[in-house]
Amino acid sequence: MPQNFKLAPSILSADFSDLQNALSICDEGGAHWIHVDVMDNQFVPNLTIGPPVVKSLRPKTEKFMDVHMMVINPEKLVEQFAKAGADNITFHIEATDDPDGVIDLIKSFGCKVGISLKSKTPLSDILPVLEKVDVVLIMSVEPGFGGQGYLAGSNDRISELKQILTNKNLGHILIEVDGGIKLHNAQEVMDAGADVLVAGSEVFKADDPVQTIKDFYQLAE
Ligand code: DX5
Ligand code: ZN
């Protein structure tokens, strides 16, 4: 069970015509993070939101803004998201041949840095930069859309990563898991080693989104 569990509701599944309501749901529910899914229709076959949305949300919430960049050339968007108010900026190891450079750039703006990998990308691909990041975002769906099913085998990857972090004395690095997280599978994902869970459709498509957030935290107690 994670010591300090955090839920990161993904606003991709919220009503984009009323993101203020999405923030209110996160506030009332007590979520720690807000997960912002950025897609460029290049790295993934979908196009979502950019820095202007983060800029407009920033003054309306104190919550930790967790930007997940599913984009090619992530270095081209770092400054804009940092200046828009992102607290954490996560990019994909598959999207760059200079992960060190992207990490250093994100850090140069004072943001936390996350590295993400798709389900078929070996964990070994992030080992060279592991010590430099604050968050590892494990994808438990194929990136591009909310509302997909949790990929089998994800728990094993989470446990394997947890073991690597423990062996390397990198226990301060957070394991965030993203995609297909529901109330019915959250416990096993936490038990596998997740510290932060992203939940989009489970929260924002729920009959009672606020209660759903509270239910996730109850599971972690
Ligand atoms: C998928 C995104 C996820 C997704 C989560 O590419 O990175 O954050 O929005 O949505 P659910 O929880 O519905 O799978
Ligand atoms: Zn995401």
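Rule-based calculations on the coordinates, nothing more; no lab input. None of these values were measured; they are calculated from a predicted model. As a convention, Cβ positions derive from the backbone with ideal geometry for all residues, glycine included, and neighbour counts pool all protein chains shown.
For the stretch 119-144, filtering for residues that are part of a loop (DSSP other than H, G, I, E, B) and in contact with a helix residue (DSSP H, G or I) (Cβ under 8 Å, 6 or more places away or on another chain) leaves 4.
Every residue in the stretch 23-43 that is in contact (Cβ under 8 Å) with a residue 60 or more places away in the chain and buried (at least 19 other Cβ atoms within 10 Å of the Cβ), please. Once the filter is applied, which keeps residues that are in contact (Cβ under 8 Å) with a residue 60 or more places away in the chain and buried (at least 19 other Cβ atoms within 10 Å of the Cβ), the stretch 23-43 yields 25, 26, 29, 31, 33, 35, 37, 39, 43. Among residues of the stretch 180-221 being touching a Ser or Thr at 6+ places or on another chain (Cβ under 7 Å) and not hydrophobic (A, V, I, L, M, F, W, C), the one that is farthest from residue 119 (Cα to Cα) is 205.
Taken over the stretch 81-103, the residue count meeting the criterion of being in contact (Cβ under 8 Å) with a residue 12 or more places away in the chain, outside any helix (DSSP H, G or I) and surrounded by fewer than 19 Cβ atoms within 10 Å (Cβ to Cβ) is 4.
Residue by residue through the stretch 5-35, note down the ones that are in a helix (DSSP H, G or I) and within 18 Å of residue 137 (Cα to Cα). Reasoning before the result, please.
Quick first cut of the stretch 5-35, residues in a helix (DSSP H, G or I) only: 11-13, 19-29.
Answer for the stretch 5-35, where residues must be in a helix (DSSP H, G or I) and within 18 Å of residue 137 (Cα to Cα): 11, 12.
I'd like the full set of residues that are surrounded by fewer than 20 Cβ atoms within 10 Å (Cβ to Cβ), closer than 16 Å to residue 179 by Cα and not aliphatic (A, V, I, L, M), limited to the stretch 119-156. If the condition is that a residue be surrounded by fewer than 20 Cβ atoms within 10 Å (Cβ to Cβ), closer than 16 Å to residue 179 by Cα and not aliphatic (A, V, I, L, M), then 119, 120, 121, 142, 144, 145, 147, 148, 149, 150, 153, 156 are the ones that fit.
Within the stretch 155-205, the residues that satisfy the criterion of being in contact (Cβ under 8 Å) with a residue 40 or more places away in the chain, part of a helix (DSSP H, G or I) and not small (Gly, Ala, Ser) are 164, 189, 190, 191, 203, 204.
Can you tell me which residue in the stretch 58-71 is surrounded by the most Cβ atoms within 10 Å (Cβ to Cβ), limited to those that are within 16 Å of ligand 2 (Cβ to nearest atom) and either on the phi > 0 side of the Ramachandran plot or among the β-branched types (Val, Ile, Thr) (or both)?
At the first step, the residues of the stretch 58-71 found to be within 16 Å of ligand 2 (Cβ to nearest atom) are 63-71.
Now drop any that are not either on the phi > 0 side of the Ramachandran plot or among the β-branched types (Val, Ile, Thr) (or both), which leaves 67, 71.
On the way: 67: 27, 71: 21.
Within the stretch 58-71, the match that is surrounded by the most Cβ atoms within 10 Å (Cβ to Cβ) is 67.
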